[in-house]
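Beneath this line is the structure, given in structure tokens, with notes to follow.
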Amino acid sequence: MSLPQPVTRRDTVLDPWIDTYAERTHGLTVSAVRALFSVANRPEVVSLAGGMPNIADLPREAIGEAIAALIRDRGAQAMQYGSGQGEPFMREHITEVMAEEAIAAHPDDVVVSCGSQQALDLVTRTFCDPGDVILAEAPSYVGALGTFRAYQVQIVQVAMDERGIVPQALREAVAACRAVGKRVKFLYTIPNFQNPTGVTQSLERRRELIAVAHELDLLIVEDNPYGLLTIEGEPLPALRSMDDERVIYLGSFSKTFAPGFRVGWALAPHAVREKLTLAQESATLAPPVFSQFAISTYLHQFDWRAQIVAYRDMYRGRRDAMLRGLTENMPPGCTWTHPTGGFFVWLTMPEGLDSQSMLPRAVSARVAYVPGTAFYADGLGSRNMRLSFCFPSEERIVEGTRRLGEVIHDELDM
Ligand code: PMP
């Protein structure tokens with residue numbers, strides 16, 4: 001018998017299945033962030049585009065040894081199928097992590113997911129039919145918008161300011177949707193160090209938001225992957241800690257440990273978590289069992305709280321470098337946010353400039369960012385861009401802002 005020959009990749013020009021795909025795929029486009037990956041990752045380009053956490057300083061050798069011992073001693077369990085809701089020990093650990101943010105929760109109400117991204121998917125598939133409305137901040141996390149679109153949901157974005165989503169705008173948006181018979185399924189919000197703006201909801205806003213949710217009978221999905229990464233001031237209470245019946249809370253180990261394990265979770269009111277578990281079972285049978293064992297090993301054997309403090313110190317240095325670089329290099333008329341944690345700064349350029357059409361010139365000048373339009377469902381954001389300070393070194397961040405400043409200067413002179 002002859003062996004099969006290596007296959008060369010064929011790029012089909014015409015897709016023969018074009019009429020066969022489900023309607024829900026029609027709204028899906030390559031995310032602006034993914035489209036940028038290949039250019040932004042060239043070594044000569046300072047990428048202020050991606051949101052990759054910097055995990056270079058994790059004690060990889062010691063983690064490797066602990067994971068080798070895990071496979072040797074408990075591999076038969078760790079490499080086996082597991083529970084659709086997530087392993088009980090993992091759910092227990094997750095409640096300990098959430099306790100750091102003063103969230104009191106029972107492990108029974110936690111559903112483990114493949115990153116918080118999959119928790120978003122499970123929540124959307126559980127609540128939304130095509131045409132339903134999800135409310136989100138304007139702008140909002142591009143990955144969430146993509147998930148919502150995949151379920152043919154109508155995304156209605158609500159104005160935010162430097163203290164978070166504006167309660168009156170929220171009331172008006174809900175009223176407008178309901179007036180035309182639309183079913184508003186939930187408000188999706190990122191209260192801490194929002195992606196993409198870096199804005200944190202003030203305490204007063206959080207209280208108002210919970211009050212509005214009661215007033216309007218609204219469910220809130222609180223996405224909080226950056227919550228433990230406060231780099232300035234005191235952390236504010238999670239919405240879930242203010243209301244345990246109206247809030248589905250999403251968390252993740254991606255930013256406090258490492259994203260490659262793909263472990264996140266949803267904490268949901270009891271009845272909802274039953275549905276989420278069914279959704280998880282139909283999607284994956286069970287979230288990655290090996291990753292749950294690995295993360296549990298890490299949490300047991302390493303000082304994960306000290307690691308979070310180290311992450312905060314590192315990101316504070318990078319945030320400061322970015323703010324310094326922007327102050328030194330941005331032309332008059334540019335403004336930007338001052339994040340107190342997380343990974344992102346949101347830059348607004350003077351009227352008339354367009355971050356999307358400027359991007360090729362920025363990449364030629366060896367700096368990359370994500371154009372603001374990626375974070376809106378309706379094409380707004382052309383004067384904006386998201387700049388992330390998580391991955392490049394402090395020196396590279398400052399150099400990136402210098403290059404960006406020159407590009408914007410040239411743009412203004414054109
Ligand atoms: N939500 C937000 C706001 C994010 O920024 C991200 C990651 N960029 C996610 C969810 C998904 O993270 P993960 O799936 O790694 O937990």
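The values are calculated or read from the model by the stated rules, or taken from the named source; none is laboratory data. Here the structure is a predicted model, which means the values were calculated and not measured. Cβ placement follows ideal geometry from the backbone for every residue including glycine, while neighbour counts extend to all protein chains displayed.
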Contact list, first residue from the stretch 232-259 and assigned to a strand (DSSP E or B), second anywhere and within 12 Å of the ligand (Cβ to nearest atom) and of a type in the set (S, T, N, Q), beta-carbon distance below 7 Å, six or more apart or interchain, is Tyr249/Asn224; Leu250/Ser116; Leu250/Asn224; Gly251/Ser116; Gly251/Asn224; Ser252/Ser116
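Out of the residues in the stretch 260-272 that are of a type in the set (A, V, I, L, M, F, W, C) and part of a loop (DSSP other than H, G, I, E, B), state the one that is farthest from Asp108 (Cα to Cα). Talk me through it step by step, then tell me what you get.
Of all residues in the stretch 260-272, those of a type in the set (A, V, I, L, M, F, W, C) come to 261, 263, 265-268, 271-272.
Checking the rest, the ones that are also part of a loop (DSSP other than H, G, I, E, B) come to 263, 268.
Working: Val263: 17, Ala268: 10 Å.
The selected residue is Val263.
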Among (1) in contact with a Leu (Cβ under 7 Å, 6 or more places away or on another chain); (2) surrounded by 21 or more Cβ atoms within 10 Å (Cβ to Cβ); (3) over 27 Å from Gly84 (Cβ atoms), Glu137 falls short only on (1)
Filter the stretch 106-144 for residues that are in contact with a strand residue (DSSP E or B) (Cβ under 8 Å, 6 or more places away or on another chain) and part of a loop (DSSP other than H, G, I, E, B); the one that is farthest from the ligand (Cβ to nearest atom) is Gly131
Considering the stretch 242-286, residues that are away from the ligand (no atom under 14 Å from the Cβ) and charged (D, E, K, R), and then whichever is surrounded by the fewest Cβ atoms within 10 Å (Cβ to Cβ), we arrive at Glu245
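Tell me whether the stretch 60-74 contains one or more residues that are part of a loop (DSSP other than H, G, I, E, B) and over 23 Å from the mean Cα position of the chain (by Cα).
In the first step, residues of the stretch 60-74 are kept if they are part of a loop (DSSP other than H, G, I, E, B); the result is none.
No, the conditions are met nowhere in the stretch 60-74.
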Counted residues in the stretch 135-149 being under 13 Å from Met385 (Cα atoms) and of a type in the set (A, V, I, L, M) come to 1
Residue pairs qualifying under the 9 Å Cβ cut-off, at least six apart or on distinct chains, with the first in the stretch 1-23 being surrounded by 10 or more Cβ atoms within 10 Å (Cβ to Cβ) and the second being at pLDDT 85 or above and among the charged types (D, E, K, R), are Tyr21/Asp15
Looking only at the stretch 92-102, decide whether some residue is touching a residue at least 24 places away in the same chain (Cβ under 8 Å), farther than 23 Å from Leu229 by Cβ and not in a helix (DSSP H, G or I).
no
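If only one of Val367, Val345 is under 18 Å from Arg316 (Cα atoms) and in contact with a Gly (Cβ under 7 Å, 6 or more places away or on another chain), which one is it?
Numbers: Val367 fails: under 18 Å from Arg316 (Cα atoms).
None of the others qualify; the one that does is Val345.
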Counted residues in the stretch 215-228 being part of a loop (DSSP other than H, G, I, E, B) and either of a type in the set (D, E, K, R) or within 11 Å of the ligand (Cβ to nearest atom) (or both) come to 5
When Pro235 is run through (1) within 16 Å of the ligand (Cβ to nearest atom); (2) surrounded by fewer than 22 Cβ atoms within 10 Å (Cβ to Cβ); (3) not hydrophobic (A, V, I, L, M, F, W, C), the failure sits at (1)
Expected single match for on the phi < 0 side of the Ramachandran plot and over 23 Å from the mean Cα position of the chain (by Cα) among Gly333, Gly325, Gly352, Gly317 is Gly325
Reported set for the stretch 366-398 where residues are surrounded by fewer than 17 Cβ atoms within 10 Å (Cβ to Cβ) and not charged (D, E, K, R) is Gly379, Leu380, Ser393
